[in-house]
1. Kindly provide the set of residues from the stretch 63-97 that are of a type outside the set (Asp, Glu), modelled with pLDDT under 85 and either closer than 25 Å to Tyr47 by Cα or not assigned by TED's automatic domain parsing to the domain that holds Val126 (or both), ordered by number.
2. Out of (1) loosely packed, with under 15 Cβ neighbours inside 10 Å; (2) under 17 Å from Thr81 (Cβ atoms); (3) at pLDDT 85 or above; (4) among the hydrophobic types (A, V, I, L, M, F, W, C), what's the single condition that is false for Trp183?
3. Under 9 Å by Cβ, and 6 or more places apart or on different chains, what pairs join a residue from the stretch 23-47 that is touching a residue at least 24 places away in the same chain (Cβ under 8 Å) with one that is of a type in the set (A, V, I, L, M, F, W, C) and surrounded by fewer than 15 Cβ atoms within 10 Å (Cβ to Cβ)?
4. Being surrounded by 13 or more Cβ atoms within 10 Å (Cβ to Cβ) and touching a helix residue (DSSP H, G or I) at 6+ places or on another chain (Cβ under 8 Å) is the filter here; which residues of the stretch 166-180 pass it?
5. Looking at (1) at pLDDT below 80; (2) under 30 Å from Glu49 (Cα atoms); (3) basic (Lys, Arg), which is the only condition Arg143 fails?
6. Scan the stretch 100-110 and tell me whether some residue there is β-branched (Val, Ile, Thr), modelled with pLDDT under 85 and surrounded by 17 or more Cβ atoms within 10 Å (Cβ to Cβ).
7. Quick one: in the stretch 1-50, which of the residues that are surrounded by 18 or more Cβ atoms within 10 Å (Cβ to Cβ) and of a type in the set (Gly, Ala, Ser) is nearest to Glu112 (Cα to Cα)?
Amino acid sequence: MPKFNILLKTAMSAKQFNQSDLSAQTGIGKSNISQYLSGKNIPKTEYKEKLASALGVPVSYFDDEPKMPDFIPQLKTAMSTKNMKPARLAEASGIAKSSISEYISGVCLPDEPQLEKLAAALDIPVTKFSEKVDPLINLSAYRNVSVRECAALLGKTPQFVRVALQRGTATFGMAVQISNKRWSYHISAKKLNEYIG
């Protein structure tokens with residue numbers, strides 16, 4: 001089956017697009033497009049849709065690539081378990097820190113060689129990245145859950161969670177006012193698991 005970068009190059013050639021043209025049409029940065037073309041990264045579905053639309057192909061054109069819906073939570077869990085920040089993972093894996101950040105944020109997914117490097121650096125089997133994640137179990141790996149993750153799990157907005165923490169009505173965490181306009185938030189994974197039930 002063709003790799004994503006080959007499919008992308010073929011569609012760009014048919015449309016006579018260069019990287020700048022594709023970037024302008026999709027709003028995706030040229031550096032990201034360069035990584036897709038080199039085979040270093042695979043874009044997430046949202047970006048595949050933008051690419052397909054700009055290139056005049058159906059999204060299914062790119063569907064030959066494997067799906068890894070649980071890659072990001074598995075990567076975050078493994079990094080948290082090993083107490084590894086992106087810079088340290090980049091150093092241990094030989095992958096650029098900017099690429100690690102893109103994987104964590106979901107901008108793109110690594111290809112097979114990059115997955116193998118990540119797995120080796122994190123001392124986990126490469127198959128771990130494709131295992132299904134139970135969001136409640138996954139939270140136990142975090143000492144502090146982010147406001148954004150909490151909001152997603154509760155089906156609320158981040159602002160709703162921040163206000164509940166600031167007012168002291170959320171039983172799963174607390175907010176501390178640092179200055180006139182700044183707050184620091186702590187959400188306990190254990191208490192959030194109990195709250196969600």
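1. Passing the criteria: Pro66, Lys67, Met68, Pro69, Phe71, Ile72, Pro73, Gln74, Lys76, Thr77.
2. Failed condition: (2).
3. From the stretch 23-47, the pairs are Gly39/Ile6; Lys40/Ala96.
4. Matches in the stretch 166-180: Ala170, Phe172, Gly173, Met174, Ala175.
5. Every listed condition holds for Arg143 apart from (2).
6. For the stretch 100-110, residues β-branched (Val, Ile, Thr), modelled with pLDDT under 85 and surrounded by 17 or more Cβ atoms within 10 Å (Cβ to Cβ): present.
7. Ala11
The values are calculated or read from the model by the stated rules, or taken from the named source; none is laboratory data. Bear in mind that the values here come from a model prediction, so they are computed numbers and not experimental data. A quick note on method: Cβ atoms are made from the backbone with ideal geometry, for glycine too, and the neighbour counts reach across all protein chains shown.
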